[in-house]
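Student: Before we start, here is the structure in question, set down as structure tokens.
The values are calculated or read from the model by the stated rules, or taken from the named source; none is laboratory data. What you are looking at is a predicted structure, and each value in this text was computed from that prediction instead of being measured. A quick note on method: Cβ atoms are made from the backbone with ideal geometry, for glycine too, and the neighbour counts reach across all protein chains shown.
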Amino acid sequence: MKHLCFEGISALSEHNWIMDRILVQPSGPLSGDVKIKGAKNSALKLMAACTLTEGTFRLNNVPDITDVRLMSELLVSLGMTVERIPESTLEIINPGNLAPEAPYELVEKMRASIVVLGPLLATYGTAKVALPGGDDFGPRPIDMHLRGLETLGAQFHSQHGYIEGNCEGLIGARIVLEFPSVGATENVMMAAVRAKGETTIENAAREPEIADLATFLNRMGGNVLGAGTSTIVIEGVDELVAVEHSVIPDRIEAATYLAATGIAGGEVNLIGARPDHMDMLCQKVGEMGMRISADPNGLWVMCNKDLQSVDLATLPYPGIATDYKPFLVSMLTVASGVGIVTENLFSGRFRYVDELIRMGADIRTEGHHAVIRGVRRLSGAPVRAHDIRAGAALVIAALKADGETEIRDPEHIDRGYEGLVENLSSLGADIQRLS
């Protein structure tokens, strides 16, 4: 078996992560161009879909981030080969006859790894996957994943921290999700593409990443219709082939630099960003006083005046994504007036607020709501990144904080961003990463 081209996470690298920190001084205005990388939340699922058939796959525009490395290690543990050639392309070789077991030491580090369950079951009739880990912002049960796959004919039991599934052949069926879960939609889609007959997913997730996965499956020879709407119809096929595909741009990364421009001021071009994937966000930050325009190269953003507070609530796509919310909260901490933010998706996703309060933000939380009274400037302080987006939100908030801000545990940020510090520095931010 060919060795994975990027090394796993060693004890030494874990030690270095603990010592790493990001230092930010007040900065602005920002100016320049940022090229938006491929979407993490799409790339990981496309990689999982490569388990559906043997052959050599090529995925272009794949970010060089920790989560991609972890998924690469997971595929290698199944018996596949993963190589990065050149810097933004992954070549993934599936030799067939994989060992359909995803080990705990990899799955517990990344929740997205649960999406190998559906394609492994569909391909091999059996799968053993450790219960997933990932970001720490409240419980996110996988019940809908299992119920959807059970409706197709799978049977599951849990023991010793693993979910074990078996089936004698999946059969298409009508599946109604109680909530438009992205992961459940993806797992069922990948399983149904190899099931016998037609599968209909009602109340399906509508995110752009769902449509990207459907495009990939169709290029492989699948028959998936309606992705991007609330009803997806999949006609099962007997054969799939390995293909080449380019990952869509990361709308969450684009939102990060958009919010940084709003906080620090300035004018930035987000090269490759897809405005049509960010309609509601663009509308909301426009209400806050930013100027935004689509252009042939991506998205142009500008902020040359004080931000104004707004109220917002997270909702499934096409609403305000929960991943956008930490950036918007950071913007509201320095906006004029009072804004109310409601989190409708994940109960624990205000845990980073204490870090913003440490920086001088005026925020009061109660249940699913946060009331944010804007202040003129924040104050630099030592803070800790609890998850990917919260960590990035602290970095951009520090752009408008007097004195030095030290963000600890930046390894969480590495899970979702390639070159966040370097990109912000290229735009004029006073930022560095130290070990």
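Student: I'd like the full set of residues that are surrounded by 18 or more Cβ atoms within 10 Å (Cβ to Cβ) and not small (G, A, S), limited to region 390-402. Before you say what the answer is, go through the steps one by one.
Tutor: Pass one, region 390-402, residues surrounded by 18 or more Cβ atoms within 10 Å (Cβ to Cβ): 390-401.
Once the filter is applied, which keeps residues that are surrounded by 18 or more Cβ atoms within 10 Å (Cβ to Cβ) and not small (G, A, S), region 390-402 yields L394, V395, I396, L399, K400.
Student: Given the structure, is G266 over 28 Å from G391 (Cα atoms), in contact (Cβ under 8 Å) with a residue 12 or more places away in the chain and surrounded by fewer than 23 Cβ atoms within 10 Å (Cβ to Cβ)?
Tutor: no
Student: Specify which of the listed residues (T405, T342) is surrounded by fewer than 18 Cβ atoms within 10 Å (Cβ to Cβ), in the same structural domain as A321 (by TED's automatic domain parsing) and either polar (S, T, N, Q) or within 29 Å of S113 (Cα to Cα) (or both). Show your work before the answer.
Tutor: Working: T405 fails: surrounded by fewer than 18 Cβ atoms within 10 Å (Cβ to Cβ).
Exactly one residue qualifies, and that residue is T342.
Student: Please enumerate the residues belonging to region 294-305 that are part of a strand (DSSP E or B) and under 24 Å from the mean Cα position of the chain (by Cα).
Tutor: A294, G298, L299, W300, V301
Student: Consider A43 carefully, then state whether it is out of contact with any strand residue (DSSP E or B) (no Cβ under 7 Å at 6 or more places or on another chain) and touching a residue at least 60 places away in the same chain (Cβ under 8 Å).
Tutor: Working: out of contact with any strand residue (DSSP E or B) (no Cβ under 7 Å at 6 or more places or on another chain): no; touching a residue at least 60 places away in the same chain (Cβ under 8 Å): yes.
Criteria not met by A43.
Student: In region 306-361, which residue that is of a type in the set (A, V, I, L, M) and part of a strand (DSSP E or B) is nearest to the chain's Cα centre (by Cα)?
Tutor: Our first condition is that a residue be of a type in the set (A, V, I, L, M); within region 306-361, this holds for 307, 310, 312-313, 315, 320-321, 328-329, 331-332, 334-335, 338, 340-341, 345, 353, 356-357, 359, 361.
Checking the rest, the ones that are also part of a strand (DSSP E or B) come to 312-313, 320, 338, 340-341.
Details: L312: 21, A313: 19, I320: 14, V338: 29, I340: 25, V341: 21 Å.
Step by step, filter region 306-361, then rank; the result is I320.
Student: Just one of R58, R69 is farther than 30 Å from M302 by Cβ, assigned to a strand (DSSP E or B) and under 22 Å from the mean Cα position of the chain (by Cα); which is it? Explain how you work it out, then say what you get.
Tutor: Working: R69 fails: assigned to a strand (DSSP E or B).
On inspection, the qualifying residue turns out to be R58.
Student: What is the number of the single condition among (1) more than 23 Å from the chain's Cα centre (by Cα); (2) among the charged types (D, E, K, R); (3) not in a loop (DSSP other than H, G, I, E, B) that R376 does not meet?
Tutor: (3)
Student: Which one is surrounded by the most Cβ atoms within 10 Å (Cβ to Cβ), of the residues in region 36-90 that are acidic (D, E) and under 22 Å from A127 (Cβ atoms)?
Tutor: If we filter region 36-90 for residues that are acidic (D, E), which is where we start, we get 54, 64, 67, 73, 83, 87.
Subset that is under 22 Å from A127 (Cβ atoms): 54, 67, 73.
Details: E54: 17, D67: 23, E73: 21.
This residue is D67.
Student: Considering only residues that are β-branched (V, I, T) and either in contact with a Ser or Thr (Cβ under 9 Å, 6 or more places away or on another chain) or assigned by TED's automatic domain parsing to the domain that holds D387 (or both), which ones fall in region 96-133?
Tutor: Filtering region 96-133 for residues β-branched (V, I, T) gives 107, 114-116, 123, 126, 129.
Answer for region 96-133, where residues must be β-branched (V, I, T) and either in contact with a Ser or Thr (Cβ under 9 Å, 6 or more places away or on another chain) or assigned by TED's automatic domain parsing to the domain that holds D387 (or both): V107, V116, T123, V129.
Student: Contact list please: Cβ distance under 6 Å, first residue in region 359-387 and in contact (Cβ under 8 Å) with a residue 40 or more places away in the chain and over 21 Å from G262 (Cα atoms), second residue of a type outside the set (D, E) and not in a strand (DSSP E or B), pairs at least six apart or on different chains.
Tutor: Within 6 Å, the pairs are H386/R351; H386/Y352; D387/F137; D387/H412.
Student: Could you say which residue among T261, T256, T215 is under 23 Å from M331 (Cβ atoms), within 20 Å of the chain's Cα centre (by Cα) and not small (G, A, S)? Give the steps one after another, and end with the answer.
Tutor: Working: T261 fails: within 20 Å of the chain's Cα centre (by Cα); T215 fails: under 23 Å from M331 (Cβ atoms).
On inspection, the qualifying residue turns out to be T256.
Student: Continuing with this model, one more query. Here's a check for you: in region 72-107, which residue that is modelled with pLDDT of 95 or more, in a strand (DSSP E or B) and touching a helix residue (DSSP H, G or I) at 6+ places or on another chain (Cβ under 6 Å) is farthest from N423 (Cα to Cα)?
Tutor: Among those residues, the one meeting the criterion is N94.
Student: I'm trying to understand the selection: among the residues of region 395-435, which are of a type in the set (A, V, I, L, M, F, W, C) and farther than 14 Å from D20 by Cβ? So that I can check it myself, show each step before the final result.
Tutor: Let us first name the residues in region 395-435 that are of a type in the set (A, V, I, L, M, F, W, C), namely 395-399, 401, 407, 413, 420-421, 424, 427, 429, 431, 434.
I396, A397, A398, L399, A401, L424, L427, A429, listed by residue number.
Student: Please work out if L307 is of a type in the set (A, V, I, L, M), in the same structural domain as G32 (by TED's automatic domain parsing) and either more than 25 Å from I36 (Cβ to Cβ) or without any contact (Cβ under 8 Å) to a residue 60 or more places away in the chain (or both). Reasoning before the result, please.
Tutor: Values: of a type in the set (A, V, I, L, M): yes; in the same structural domain as G32 (by TED's automatic domain parsing): yes; either more than 25 Å from I36 (Cβ to Cβ) or without any contact (Cβ under 8 Å) to a residue 60 or more places away in the chain (or both): no.
When the stated conditions are applied, L307 does not pass them.
Student: Against the condition out of contact with any helix residue (DSSP H, G or I) (no Cβ under 9 Å at 6 or more places or on another chain) and within 24 Å of A192 (Cβ to Cβ), how does G125 come out, does it pass?
Tutor: Criteria met by G125.
Student: Looking only at residues in region 281-291 that are closer than 18 Å to P208 by Cβ and surrounded by 15 or more Cβ atoms within 10 Å (Cβ to Cβ), which one is farthest from the chain's Cα centre (by Cα)?
Tutor: The initial filter retains those residues of region 281-291 that are closer than 18 Å to P208 by Cβ, namely 281-284.
Then drop every residue that is not surrounded by 15 or more Cβ atoms within 10 Å (Cβ to Cβ), which leaves 281-282, 284.
Numbers: L281: 16, C282: 19, K284: 21 Å.
Per the stated criteria, the residue is K284.
Student: Mind counting the residues in region 111-150 that are in a loop (DSSP other than H, G, I, E, B) and either modelled with pLDDT under 95 or within 19 Å of V176 (Cα to Cα) (or both)?
Tutor: To start, the set of residues in region 111-150 that are in a loop (DSSP other than H, G, I, E, B) comprises 125, 131-142.
Still in the list and also either modelled with pLDDT under 95 or within 19 Å of V176 (Cα to Cα) (or both): 131-142.
Qualifying residue count for the region: 12.
Student: Quick one: Y417 ticks every box in (1) modelled with pLDDT of 95 or more; (2) surrounded by fewer than 22 Cβ atoms within 10 Å (Cβ to Cβ); (3) assigned to a loop (DSSP other than H, G, I, E, B) bar one, so which box is it?
Tutor: Unmet for Y417, out of (1) modelled with pLDDT of 95 or more; (2) surrounded by fewer than 22 Cβ atoms within 10 Å (Cβ to Cβ); (3) assigned to a loop (DSSP other than H, G, I, E, B): (2).
Student: Just a yes or no: is a residue in region 95-108 under 17 Å from the mean Cα position of the chain (by Cα), surrounded by fewer than 21 Cβ atoms within 10 Å (Cβ to Cβ) and not small (G, A, S)? Steps first, answer last, please.
Tutor: Residues of region 95-108 under 17 Å from the mean Cα position of the chain (by Cα): 107-108.
Next, from what is left, pick out any that are surrounded by fewer than 21 Cβ atoms within 10 Å (Cβ to Cβ): 108.
Cutting the leftovers down to not small (G, A, S) gives us 108.
Yes: one or more hits.
Student: Still on this model: Mind listing whichever residues of region 34-55 are over 23 Å from R389 (Cβ atoms) and not in a helix (DSSP H, G or I)? Step through it out loud before you land on a result.
Tutor: Going through region 34-55, the residues over 23 Å from R389 (Cβ atoms) turn out to be 49-55.
Hits for region 34-55 are T53, E54, G55.
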